[in-house]
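Participant: Dropping the structure in here first, questions after.
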Amino acid sequence: MVKRKLQIFLSSTYEDLIEERLAAIEAILAAGHIPAAMEQFSPGDETAWDKIRAWIDESDAFILILGGRYGSIEPESGKSYVQLEYEYVFEKKKPFFSLVVSDKHHEERVKSKGLSVDEREHQEKYSRFKNSVKERLCGFWNDKKDIKATIFQKLPEWAQREDLVGWVRGENAASAEVANELAQLSQENRELRSQLSMQKQEFDGLTFDELVKILRQKPMSEFLKSTISLYFTEDAMQLYNDPEKLKHAGDLFEILGAGLSLGLKIEDRPLIETVREFLESQGLVTKEDRGPYTIFYLTDTGRRFRNRLMASGDLSTRIEKFWTIGTPSDSSQEEKR
């Protein structure tokens, strides 16, 4: 059977759980799967809920991280987007797991971070929602380690389920002859359709290989190499433990991937301009100015490109096939693609 990378929809509130969501995304990536997060919609966006549902439909499973906030309200239902996501998952009968902040840890967070991590405006709605979450399959978290440990436990279980299609590596795509043989088996047919869909994807009119080539044409600056580690946790930096591997905009996109999935808060102006030039110009990243700082996050195109990239194999495979530049093997790799 083709090795699958599951797409995991990660649901949570935004500003009060930035570190916790980043820890969850790093754990999903470390386990070899693909995180998806949709909390970057502002209240009143009439297209937000349609996009969220479409993304949940695309995902294989769902993880909720619930802290002390209820979240932004969807205007029509009067419920928070987080609650709507949770209820929609039950409607679609997708695998799920929830992590609820423990009462003790919530009190500690309020003492250290203030009332910004505690629900003030919709306390009754939050309480009802939290109780409904606790009545179903859930665990409790006291720190980021609990979140990571739970994810490392759940993902292998989900990866064994034959009903979850996931993403598959493009090099495993079946030929027409094999497709005819697999036509009698529904599971293999689903995998084949997923592979073919990935191969036909376009990203703002560009194929995957064409966009890879464009990103590889933008060299990384020494400034960016020296400052990139200031913005990421030690776990995230393990993706690129050798600074010399950071050579071009493709490398930048990959190392920023986890943060961009959530919304990356950047205050350093030179780095903002680097991100804008390399990624925003290609339609992969968009930005939202919030007073003294700017938040960058993935566009729909950027999300699809990142998922396609993650389905290409592990980091060493991607470096060998796509990211390496200025080496003797570069021209031969270009010809093979």
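Participant: Here are some conditions: (1) under 15 Å from residue 64 (Cα atoms); (2) surrounded by fewer than 18 Cβ atoms within 10 Å (Cβ to Cβ). Residue 120 meets all but one. Which one does it not meet?
Facilitator: Single failed check for residue 120: (1).
Participant: State all residues of the range 72-86 that are at pLDDT below 90, crowded, with 16+ Cβ neighbours inside 10 Å and charged (D, E, K, R); if no residue qualifies, say none.
Facilitator: Selection gives 74 alone.
Participant: Okay, moving on. Criterion first (at pLDDT 75 or above and small (Gly, Ala, Ser)) does residue 205 satisfy it?
Facilitator: yes
Participant: Any idea which residue in the range 1-57 is surrounded by the fewest Cβ atoms within 10 Å (Cβ to Cβ), counting only those that are among the aromatic types (Phe, Trp, Tyr) and at pLDDT 85 or above?
Facilitator: 55
Participant: Additional query: Would it be correct to say that residue 186 is modelled with pLDDT under 55, among the hydroxyl-bearing types (Ser, Thr, Tyr) and closer than 26 Å to residue 96 by Cβ?
Facilitator: Against the criterion (modelled with pLDDT under 55, among the hydroxyl-bearing types (Ser, Thr, Tyr) and closer than 26 Å to residue 96 by Cβ), residue 186 qualifies.
Participant: Which is under 25 Å from the mean Cα position of the chain (by Cα), assigned to a helix (DSSP H, G or I) and either touching a residue at least 12 places away in the same chain (Cβ under 8 Å) or surrounded by fewer than 16 Cβ atoms within 10 Å (Cβ to Cβ) (or both), of 89, 110, 100?
Facilitator: So the residue among 89, 110, 100 that is under 25 Å from the mean Cα position of the chain (by Cα), assigned to a helix (DSSP H, G or I) and either touching a residue at least 12 places away in the same chain (Cβ under 8 Å) or surrounded by fewer than 16 Cβ atoms within 10 Å (Cβ to Cβ) (or both) is 89.
Participant: A further question follows. Assess whether residue 69 counts as being at pLDDT below 90 and of a type outside the set (Gly, Ala, Ser).
Facilitator: The answer is no for residue 69.
Per-residue answers, yes or no, for (1) in a strand (DSSP E or B); (2) outside the structural domain of residue 23 (by TED's automatic domain parsing); (3) at pLDDT 75 or above:
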{"position": "259", "(1), (2), (3)": "no, yes, no"}
{"position": "272", "(1), (2), (3)": "no, yes, no"}
{"position": "287", "(1), (2), (3)": "yes, yes, yes"}
{"position": "295", "(1), (2), (3)": "yes, yes, yes"}
{"position": "301", "(1), (2), (3)": "no, yes, yes"}
{"position": "307", "(1), (2), (3)": "no, yes, yes"}
{"position": "316", "(1), (2), (3)": "no, yes, yes"}
{"position": "326", "(1), (2), (3)": "no, yes, no"}
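The values are calculated or read from the model by the stated rules, or taken from the named source; none is laboratory data. Just so you know, these numbers come straight off a predicted model, no measurement behind them. Don't worry about glycine lacking a Cβ; one is built from the backbone with ideal geometry, like all the others, and counts go over all protein chains shown.
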